[in-house]
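**Q** Pasting in a structure now, in structure tokens, and then I'll have a few things to ask.
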Amino acid sequence: MRKTIKKKHCNIIAATCFLFYVSSFSYDITRFLSLPAKKSHPLEYVHLSASGGWNVERSGADADIKWGACHYLINETLGCITPDRKYEGGNSSNFVLNRIWQTPPKYLVQFDKDDNKNPYGRNDLFTVVRNPYTRLISEYYSNNGHNKGSHKASKLNKWIIENINRMNTMQLEMQGLRDDGKSLLEIETPRFLNEKSFLPQATYVYDDDGARLIDNLIHYENLADEFAALMDVYGLEVQLTTSAEEQGGVLTHRNLYPETLDLINKFYWADFDGIGYEKYTGLTSLSYPVSATKSSCYVLNKEGDNDECVRPVHHCPSPVPNNRFATLSDFVKVMDDLECPYHLHAGTVLNFVRDCEILDNDIDAVIPLLWWRAHEEALDAALLKAGFELHKKFGNIEKPGYENSWLKRNFKVDLFSIVEDTDHYTYNLWRKNKRYECFPDRDRIEYGLYGDLLVRVPFPFDPYLKSFYGTDWRLPFPGKWHWFIHSIEIGSCVM
């Protein structure tokens, strides 16, 4: 029998995190108490056109932070007063140097040690992504104004088709010159290409092999909340100066013709597949979600099939190097090498979601009992080979409740066997040689990121953590947390 949670408490210190998760095909942001962030590098902005970029740069300037154009220009409108880098692209016809703050990071990695030519450097990057249809319509109104003729659907569709084809042709010409051996800095490119207005957003987020270059993606459709959450994570007191508003009027995605939709869907395929926006198929679509419905792919399959890509539901900045994180990394590598269907458990999930840190004195993870029985010898051998030392075993692997405890760097990893069900799993607590069953809610397993470390996590987070720590799991527990008593009184364990 599963236990109904009635009391409202939780434990451990609350902090901030940057949490995107999908629930009923919409994004939700959980905001927590603001404490100093644990980050490995400063935060740098990558400017995509028609996605609220000027708002972000102005907001940074108001807080005395240089982002984007403010590194290179004096611009009183943006509040850019004291540039800290030399702008070499003002009169240049070069794609890389002209408007360098809008150049995709993948083209700048070759200039790693040149701050002028690589504004992103080794910083943590963030950008604002947007629905491809509304982004194009915003570009259209930005270029055509709001005169009487600009609200004609025929003009919109013609303009989009012409400009996408123009951008595609120029990109292919530039790539052809690169294939012939010319470096990016040797190639002269037309002004239209240098403005970078029609580049796919995935061109910024991923490199040519599909590896993720920008970890922190803010969605234009929820700009204010997601921007504030990210600033909390990095401990930056930056207020969004103005909220994003559509550069548009009466025309929407519903005014796009079938041939226009077909071209957009093909040219921006990676923005849909990789970043998580749905494709609109025309008037037969009764309800179309403008907001992203999925988190973005960790690695983009450049061949175009990304239905099964790994989409992290939560991302934490890289922790400050320490024994705890090193031990977690070693443990995850062992699990991945064995293709073990583990996931993080209990307090380790709480630390990851709420604090973006490993705060407890151990790492908790669960393993399906059936898998463990079939692979116990291989798992023990792999952990020993990786430098882990067996500390204790509890129970019998032939019965529910089997547990192991391993040590490395004087840090403990506790492994719990579980029996899985459709909406929860069963694990056990041992006290005085007696076994007690617990039933945390879990719909499925997703992936999260600790910096570049991909970890498996139970999902969705809120009901899962409620079944351990009650509805107030985001807040400090009022008093001392007793792991056994409170697991029964507050959590999902039963006597």
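**Q** Across segment 204-225, what is the number of residues that are surrounded by 18 or more Cβ atoms within 10 Å (Cβ to Cβ), touching a helix residue (DSSP H, G or I) at 6+ places or on another chain (Cβ under 7 Å) and farther than 19 Å from residue 451 by Cβ?
**A** Residues flagged as surrounded by 18 or more Cβ atoms within 10 Å (Cβ to Cβ), touching a helix residue (DSSP H, G or I) at 6+ places or on another chain (Cβ under 7 Å) and farther than 19 Å from residue 451 by Cβ within segment 204-225 amount to 2.
**Q** Also: State which residue pairs qualify: first residue in contact (Cβ under 8 Å) with a residue 60 or more places away in the chain and closer than 14 Å to residue 428 by Cα and inside segment 475-495, second residue crowded, with 16+ Cβ neighbours inside 10 Å and of a type in the set (Asp, Glu) in any location, beta carbons under 8 Å apart, and separation of 6 or more residues or different chains.
**A** From segment 475-495, the pairs are 492/441; 493/437; 494/437.
**Q** Inside segment 143-161, can you point out the residues that are in a helix (DSSP H, G or I) and over 23 Å from residue 129 (Cα atoms)?
**A** Result: 148, 149, 150, 151, 153, 154, 155, 158.
**Q** Moving on. Can we say residue 139 is in the same structural domain as residue 209 (by TED's automatic domain parsing), charged (D, E, K, R), farther than 21 Å from residue 43 by Cβ and not in a helix (DSSP H, G or I)?
**A** So residue 139 fails the test.
**Q** Considering (1) outside any strand (DSSP E or B); (2) under 30 Å from residue 126 (Cα atoms), say which one residue 467 fails and leave the rest.
**A** Evaluating residue 467 over (1) outside any strand (DSSP E or B); (2) under 30 Å from residue 126 (Cα atoms) leaves (2) as the failure.
**Q** Which is within 23 Å of residue 352 (Cβ to Cβ) and assigned by TED's automatic domain parsing to the domain that holds residue 50, of 272, 227?
**A** Result: 227 is the single residue among 272, 227 that is within 23 Å of residue 352 (Cβ to Cβ) and assigned by TED's automatic domain parsing to the domain that holds residue 50.
Results for (1) under 22 Å from the mean Cα position of the chain (by Cα); (2) more than 22 Å from residue 200 (Cβ to Cβ), shown as yes or no for each residue.
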{"residue": "52", "(1), (2)": "yes, no"}
{"residue": "61", "(1), (2)": "no, yes"}
{"residue": "64", "(1), (2)": "no, yes"}
{"residue": "71", "(1), (2)": "no, yes"}
{"residue": "78", "(1), (2)": "no, yes"}
{"residue": "90", "(1), (2)": "no, yes"}
{"residue": "100", "(1), (2)": "no, no"}
{"residue": "103", "(1), (2)": "yes, no"}
{"residue": "125", "(1), (2)": "yes, no"}
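**Q** Picking from 383, 429, 407, which residue would you name as being touching a helix residue (DSSP H, G or I) at 6+ places or on another chain (Cβ under 7 Å), assigned by TED's automatic domain parsing to the domain that holds residue 341, in a strand (DSSP E or B) and farther than 18 Å from residue 457 by Cα?
**A** One residue alone meets the criteria, 429.
**Q** How many of the residues in segment 418-444 are within 30 Å of the chain's Cα centre (by Cα) and farther than 14 Å from residue 343 by Cα?
**A** Summing the residues that are within 30 Å of the chain's Cα centre (by Cα) and farther than 14 Å from residue 343 by Cα in segment 418-444 gives 4.
**Q** Among residues belonging to segment 190-218 that are outside any helix (DSSP H, G or I) and touching an Asp or Glu at 6+ places or on another chain (Cβ under 6 Å), point out the one that is farthest from residue 314 (Cα to Cα).
**A** Looking at the filtered set, the residue picked out is 197.
**Q** Kindly provide the set of residues from segment 432-460 that are assigned to a loop (DSSP other than H, G, I, E, B), free of Cβ contacts under 8 Å to residues at least 12 places away in the same chain and charged (D, E, K, R), ordered by number.
**A** Correct list: 432 only.
**Q** Moving on to the next point. Inspect segment 272-289 for any residue being closer than 30 Å to residue 457 by Cβ, at pLDDT 85 or above and touching a Lys or Arg at 6+ places or on another chain (Cβ under 6 Å) and give the result as yes or no.
**A** Yes: segment 272-289 contains one or more residues that are closer than 30 Å to residue 457 by Cβ, at pLDDT 85 or above and touching a Lys or Arg at 6+ places or on another chain (Cβ under 6 Å).
**Q** A follow-up question, please. Which of the numbered conditions does residue 419 fail, given that it passes all the others? Conditions: (1) surrounded by fewer than 18 Cβ atoms within 10 Å (Cβ to Cβ); (2) in a loop (DSSP other than H, G, I, E, B).
**A** Only one criterion in (1) surrounded by fewer than 18 Cβ atoms within 10 Å (Cβ to Cβ); (2) in a loop (DSSP other than H, G, I, E, B) is unmet by residue 419, namely (2).
**Q** Counting only residues that are of a type in the set (A, V, I, L, M) and within 24 Å of residue 442 (Cα to Cα), how many does segment 367-387 have?
**A** Number satisfying all stated conditions: 4.
**Q** Follow-up question, since we're still on this one. Would you check which residues across segment 213-264 are acidic (Asp, Glu) and modelled with pLDDT of 90 or more and list them?
**A** Hits for segment 213-264 are 221, 225, 226, 237, 259, 262.
**Q** A further question on this structure: If you check 178, 122, 166, which single one turns out to be in a helix (DSSP H, G or I), on the phi < 0 side of the Ramachandran plot and touching a residue at least 12 places away in the same chain (Cβ under 8 Å)? Don't jump to the end; show me each part of the working.
**A** Details: 178 fails: touching a residue at least 12 places away in the same chain (Cβ under 8 Å); 122 fails: in a helix (DSSP H, G or I).
Selected residue: 166, the only one of 178, 122, 166 that is in a helix (DSSP H, G or I), on the phi < 0 side of the Ramachandran plot and touching a residue at least 12 places away in the same chain (Cβ under 8 Å).
**Q** Here's another thing I want to ask about it. Can you pull out every residue in segment 43-63 that is of a type in the set (Asp, Glu) and under 15 Å from residue 234 (Cα atoms)?
**A** Of everything in segment 43-63, just one residue is of a type in the set (Asp, Glu) and under 15 Å from residue 234 (Cα atoms), namely 44.
The values are calculated or read from the model by the stated rules, or taken from the named source; none is laboratory data. Given the structure is predicted, the values throughout are model-derived calculations rather than measurements. Cβ atoms come from the backbone with ideal geometry, glycine included; neighbour counts cover every protein chain shown.
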